[in-house]
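Here the structure is laid out as structure tokens; the discussion comes afterwards.
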Amino acid sequence: MKKLFFISAVVCVLLTACSGQESAPTALPSVTPKPSFTATATSAPTKTPQPAFTPTPTITPLPTYNTKRVIFDYNAIGGLSEFDMFFEPDSLRSYSTIVLYSDGQMIIPGEVYRQKNLSPSEVQLFLAKLDAMGFYSLDSNQAHDPTDKLYNFGSNYQRVYDAYLYCILVNVVKTRKLCVYEPGIPFLIPKMKQILNYLDKYRPAGMTPYYPDRILLSVQDGRHLYDETSPATAVSWNDKFPSLETLDRKITYIDGDTAKEIYTLFDNVYAPKIFIQNGKELTVSFSIILPHAKVTNAYQ
């Protein structure tokens, strides 16, 4: 039986405002002053302040998972997701377009995820193509400004913040990582444009559907699809899976065969879907955790 792990967050803010008004003093008739008495104050015993009790949160660790070694990764860095809290820093906000592992498995994500187990000669040919296109010889200080020789801005440079970085990592005998800044793509030198174009179109023959063995699942009450083509009829949720009603406002980690089976309920398409359980409609979305990604529930 696979374990499920939940994250929920509740934030409560209490604001209290107080106001008052003093009354004007009332005049009293004069009286003969009486002799005053001097009182000696007795100090109360001093108490040692006690530290406030802070409960230690209980965190259930996620199951152990042997992540794979990446030898090539073409990815985008940036953006935000409701699932970000699960990913460790070196996996956060990085979305692979092509990833190749040391065992030869290549995964090409998209609306439909596909994979292929490349032979050693196919791996060598793929990496040699990048070398021949000049990937290792390109000169760049990775500043993404007029000083960066990956670009030819001329007089068109403008500093842009909060845009995506598209990065190519090769991690074999020669390790190199080159990134391009999204606003600068029209100004890339021809060699770098050629490399990106090659990777964007790369699809080896013989690819098959990829079925993840780890996913994150998110549930919302009602319909929350903004696509006009969303189905009018909801799909029945299989009762052998965890109840969606108990997962409302939570993100759940699911692994193993259960993760693969739930993924197939989405028709192997990376998109939210409407399900119905006990007569109640719910919008369910998910995030695939690739074999190299590191996740945690330390922020539970």
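The values are calculated or read from the model by the stated rules, or taken from the named source; none is laboratory data. None of the values given here were measured: they were computed from a predicted structure. Cβ: placed from backbone, ideal geometry, glycine included. Neighbour counts: every protein chain shown.
Taking the criterion of being basic (Lys, Arg) and touching a Pro at 6+ places or on another chain (Cβ under 6 Å), the only residue of the range 115-160 that qualifies is LYS116. Only residues that are of a type outside the set (Lys, Arg) and assigned to a helix (DSSP H, G or I) were counted across the range 244-298, and they come to 12. SER218 meets each of the listed conditions (1) touching an Asp or Glu at 6+ places or on another chain (Cβ under 9 Å); (2) exposed (fewer than 15 other Cβ atoms within 10 Å of the Cβ); (3) closer than 30 Å to ASN278 by Cα apart from (2). The residue that is nearest to VAL180 (Cα to Cα), among those in the range 86-112 that are among the aliphatic types (A, V, I, L, M) and at pLDDT 80 or above, is ILE98. ASN278 passes every criterion in (1) at pLDDT below 90; (2) exposed (fewer than 14 other Cβ atoms within 10 Å of the Cβ); (3) closer than 28 Å to THR64 by Cβ; (4) not charged (D, E, K, R) apart from (3). In this entry, LEU282 passes the filter for residues that are in contact (Cβ under 8 Å) with a residue 40 or more places away in the chain and in contact with a Phe, Trp or Tyr (Cβ under 7 Å, 6 or more places away or on another chain). Screening ASN156 on (1) modelled with pLDDT under 95; (2) in contact with a Leu (Cβ under 6 Å, 6 or more places away or on another chain); (3) of a type outside the set (Phe, Trp, Tyr) shows it passes everything except condition (2). Do we find a residue being at pLDDT 90 or above, farther than 30 Å from ASP148 by Cβ and not basic (Lys, Arg) anywhere in the range 192-205? The answer is yes, given that some residue of the range 192-205 is at pLDDT 90 or above, farther than 30 Å from ASP148 by Cβ and not basic (Lys, Arg).
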